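Q: Supplied in structure tokens, the structure appears directly below.
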Amino acid sequence: MELKLSDAPALEWGGSLSMLLLRDKWDFNKPMQPPAEVRMQMMVLDALFSTPYDRPTEPMLLGWLDTAPIELNISEGRIHKQQLALITAPVGAEYEQGGHVKLPRGWIKPSIEVSSMGGGPCMTQFGSGWYMDTGVLTTTLQLPLELQSVKLDKATVYVQSEGPPPGATKFDVYDWSTNQWVPHDNGTNTVPLEQPQRFFSPTGTLQMRMDWQAAAMQGKGGGCVNMDLSVEGTLQ
């Protein structure tokens, strides 16, 4: 089976995966509750995919069965029984040499290191993040193995901090060609990288860091930080 994907993926932030997948079955702007069959699908999807922890990051094909593969019977109680099963299958992505590749934000799961003992995991409308009130937050984003040889035309990093204004913090991206941290202005939260290839290691690693120390000294308080990446280029 061959699946052709749009080269302009529609990303809608702030809603759950279940709302995105089931919007053809129900208008979630309606004030009333969805029907039972939609609620059942929502509960299954949200239980598996609406948590930032241990969520699968690879492409995945989803399908529904009207009856569960394993039959369940309840011996007592007057209930109306409904069955539903979700089938998931990982999808392998193959990229043609010389082909154009776009990797939107939200595709790469970040690895986080912090210099202080405070803070912890948190959620933003853009996905999972880390709560910061002092110290330095370093985020590592690793391109998939199949895309490590891509010649980058565009790379954009996204820095969302739900808390102090971005001007109260310092934001840097690591330049692998000079082995130095390069300061960037994150006042717009969206930072295009000039000459993007230099910010990626030979194995496709990008590192960003946010220094919260100045915000802490100014009494700006803490906030939930989300760092993300989108890239576009040609596969060598």
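Q: If you take every residue apart from GLU194 with its C-beta less than 13 Å away from the C-beta of GLU194, what net charge results, scoring Lys and Arg +1 and Asp and Glu -1?
A: Numbers: positive: LYS154, ARG198; negative: ASP153, ASP175, ASP185.
Taking every other residue near GLU194 into account, the sum is -1.
Q: Around ASP228, what is the net charge, scoring Lys/Arg as +1 and Asp/Glu as -1 over all other residues with Cβ under 11 Å from its Cβ? Please list the in-between numbers first.
A: Numbers: positive: ARG105, LYS109; negative: none.
Neighbour charge sum, excluding ASP228 itself: +2.
Q: Between ILE70 and VAL38, how many nm apart are label points set 7 Å from Cα along the C-beta direction?
A: 3.1 nm
Q: Could you tally up the Lys pairs in region 100-235 with alpha carbons closer than 21 Å? Skip any pair fewer than 8 positions apart unless they're on separate chains. Don't skip to the end; give the middle numbers.
A: On the way: LYS102/LYS151; LYS102/LYS154; LYS109/LYS154; LYS170/LYS220.
Close lysine pairs under the 21 Å cut-off: 4.
Q: Run the numbers for VAL182 and GLN236: contour at 0.36 nm per residue of separation, minus the present Cα-Cα distance, in nm. Walk me through the numbers before you get to the answer.
A: Values: separation 54, 0.36 × 54 = 19.44 nm, distance 2.69 nm.
Difference between extended and current length: 16.7 nm.
Q: ASP153 to THR203: FRET efficiency via 1/(1 + (r/R0)^6), r the Cβ-Cβ distance, R0 25 Å, to the nearest 0.05?
A: Details: r = 19 Å, r/R0 = 0.78.
It comes to 0.80.
Q: For an R0 of 41 angstrom, estimate the FRET efficiency from the Cβ-Cβ distance between SER116 and GLU94 and round to the nearest 0.05. Please report the intermediate quantities before stating the final value.
A: Values: r = 42 Å, r/R0 = 1.03.
Once the sixth-power term is evaluated, E becomes 0.45.
Q: Please provide three numbers in whole Å: the alpha-carbon extents of region 100-235 along the principal axes, with the largest listed first.
A: Largest first, region 100-235 extends 46, 29, 26 Å along its Cα principal axes.
Q: On to the next question. Starting from the amide H of LEU84, placed 1.01 Å from N in the peptide plane, find each other amide H under 5 Å away whose residue is 5 or more places distant or on another chain.
A: Residues meeting the criterion, in which the H sits 1.01 Å from N, are ALA68.
Every read-out reported here was derived from the displayed coordinates using simple, explicitly stated rules and does not represent laboratory data. Everything quoted here is computed from the prediction, not taken from an experiment. Here the Cβ is made from the backbone with ideal geometry for all residues, glycine too, and neighbour counts use every protein chain on show.
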